[in-house]
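Peer 1: Structure below; questions to follow.
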């Protein structure tokens with residue numbers, strides 16, 4: 001049988017950096033030597049190899065001079081990579097260009113309502129405004145920085161995943177912007193672990209104005225910027241964790257479920273990721289891959305932080321009465337709502353039982 005090569009459409013793609021790396025290997029070039037040839041820093045050259053730097057006209061000329069192949073070869077190699085990203089990302093497939101994709105994919109009206117974009121944003125100036133928001137020169141630079149195809153995989157996609165990668169990247173970008181305003185000590189895992197007991201005590205405080213300032217302070221003392229930001233249309237995330245630099249971590253919460261049990265469970269879940277898992281990974285909670293090893297470990301960390309193992313049997317034996325739950329919550333040093341949430345999670349209470357014991361939050365409560 002003869003294969004139809006013209007119809008070949010692989011479900012993978014490689015950045016131009018893989019070609020650069022192969023040529024470097026053949027020629028015995030190191031990263032610092034290539035950096036000198038193309039007049040880049042070593043860090044930016046490594047980013048080029050990793051597919052994080054867009055090859056424009058000027059860079060194509062430098063690569064042609066340093067590595068060979070024509071200027072057009074490098075331009076076409078970059079274009080093919082971006083086209084493959086468009087093809088592989090189901091959210092991009094129906095668009096002729098990244099500009100067209102941007103014009104449809106981002107919830108820009110919602111971003112304006114949230115104050116992330118100027119109120120003067122229109123369809124005519126939207127792309128330029130988004131470039132400023134993401135601090136990129138072109139939509140192609142956005143692909144280089146946020147790598148939506150790879151990012152989608154990092155968000156632990158599954159058939160139940162309902163979020164739009166552009167909406168999620170917008171939410172994460174806003175969190176980055178707000179985190180840049182937070183002064184933190186250098187990242188210190190031991191300091192974060194040591195502060196968990198004090199963080200847990202804050203669950204007894206009723207109003208966010210009584211616990212958010214102290215929670216932010218405790219996080220910052222360990223090198224973590226805590227950001228609370230509403231999720232725009234298309235983003236179903238309740239929380240996320242990532243390192244912005246080797247010295248600064250980010251926890252962002254969306255308050256998607258506006259109750260104290262969800263807030264605190266999600267917060268300590270994110271703390272669990274920082275304590276237990278790689279600094280190189282992005283962890284985003286969207287309920288799509290709760291069975292991954294990392295998610296199971298973070299869930300167990302959060303549950304055991306809120307209700308330690310020595311108290312779990314006592315909690316599970318509680319009668320479904322508000323007075324019993326309230327007494328136990330005082331004994332355990334956590335809010336009654338958290339106890340209700342834990343009992344609902346393990347099936348000891350129905351989802352519609354005892355919800356009156358949960359504290360409900362409004363966004364205005366967090367405008368601190």
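What follows is calculated from the coordinates using simple rules that are stated; it is not laboratory data. Just so it is clear, the structure is predicted and the values come from calculations on it, not from any experiment. All Cβ positions, glycine included, derive from the backbone under ideal geometry; neighbour counts span all protein chains shown.
Peer 1: Assuming R0 = 25 Å, can you tell me the calculated FRET efficiency for the pair residue 125 and residue 217, based on Cβ-Cβ distance, to the nearest 0.05?
Peer 2: 0.05
Peer 1: What ranking do 257, 283 get, fewest neighbouring Cβ atoms within 10 angstrom at the top?
Peer 2: Going from least to most buried by this count: 257, 283.
Peer 1: Ok, one more. I want the antiparallel fraction of DSSP beta bridges within the range 154-261, as a percent rounded to 5.
Peer 2: The antiparallel fraction comes to roughly 55 percent.
Peer 1: When the distances between all Cα atoms of the range 209-359 are binned every 5 Å from zero, what whole-number percent does each bin get?
Peer 2: 2, 9, 18, 21, 20, 16, 10, 4, 1, 0
Peer 1: So how do 121, 305 line up by other beta-carbon neighbours within 10 Å, fewest first?
Peer 2: Numbers: 121 18, 305 22.
The fewest-first ordering by Cβ neighbours comes to 121, 305.
Peer 1: Extending each Cα 7 Å along its Cβ direction at residue 181 and residue 348, get the distance between those two points in nm, one decimal.
Peer 2: Those two pseudo-labels are separated by 4.1 nm.
Peer 1: Have a look at the DSSP beta bridges in the range 209-368 and tell me what percent are antiparallel, nearest 5.
Peer 2: 65 percent
Peer 1: Tell me the Rg and the Dmax, in Å, that the Cα atoms of the range 305-368 produce.
Peer 2: Every Cα atom of the range 305-368 included, Rg and Dmax give 12.5, 39 Å.
Peer 1: Kindly put 74, 363 in sequence by how many other C-beta atoms sit within 10 Å of each C-beta, fewest to most.
Peer 2: Listing 74, 363 from fewest to most nearby Cβ atoms yields 363, 74.
Peer 1: Which residues does a label at residue 198 reach in the range 224-259, if reach means a backbone N under 16 Å from a point 7 Å past the Cα toward the Cβ?
Peer 2: The answer is 224-226.
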